[in-house]
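Report on the structure given below.
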Amino acid sequence: MAIETTLFDAAEFLDDPTSQAELLADAFESGNATYIAQALGVVARARGMTEIAREAGVTREALYKALSERGDPKLSTLLGVARALGVKLTATPLTPPAID
């Protein structure tokens, strides 16, 4: 007898801003571009892809493509999605500055 499986969509379980922010923070901390794009996609789906795409200034189809496993969003798309999700991207040094 074949085992039946169902697709898992993390977006169904990330229903609050705190869990969404934790996923995004982990993705950005990893530095893995694919993981970052996928995490942004999960959070965008959790909040409503159509609304996020509109606020980011791109079509829904373009946003799905950009945030897919093979996607490579332009910086303007990334910034627009971050703004639409209400998150701020910041840069921190990888190593602390040397003290003289």
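The values are calculated or read from the model by the stated rules, or taken from the named source; none is laboratory data. Everything numeric here is computed off the predicted structure, so don't read it as measured data. FYI the Cβ positions are ideal-geometry reconstructions off the backbone, even for glycines, and counts take in every protein chain you see.
In the list 70, 83, which residue meets the criterion of being in a helix (DSSP H, G or I) and of a type in the set (D, E, K, R)?
On the way: 70 fails: in a helix (DSSP H, G or I).
Exactly one of 70, 83 is in a helix (DSSP H, G or I) and of a type in the set (D, E, K, R), namely 83.
With the checklist (1) of a type outside the set (A, V, I, L, M); (2) under 17 Å from residue 84 (Cβ atoms); (3) surrounded by 12 or more Cβ atoms within 10 Å (Cβ to Cβ) in hand, flag the one item residue 30 doesn't pass.
So the condition that residue 30 fails would be (2).
For the range 53-61, check the following and say yes or no: at least one residue is part of a helix (DSSP H, G or I), out of contact with any helix residue (DSSP H, G or I) (no Cβ under 8 Å at 6 or more places or on another chain) and exposed (fewer than 14 other Cβ atoms within 10 Å of the Cβ).
Among the residues of the range 53-61, at least one is part of a helix (DSSP H, G or I), out of contact with any helix residue (DSSP H, G or I) (no Cβ under 8 Å at 6 or more places or on another chain) and exposed (fewer than 14 other Cβ atoms within 10 Å of the Cβ), which makes the answer yes.
Of the residues 88, 65, which single one is under 13 Å from the mean Cα position of the chain (by Cα), at pLDDT below 90 and not aliphatic (A, V, I, L, M)?
Numbers: 65 fails: at pLDDT below 90.
Result: 88 is the single residue among 88, 65 that is under 13 Å from the mean Cα position of the chain (by Cα), at pLDDT below 90 and not aliphatic (A, V, I, L, M).
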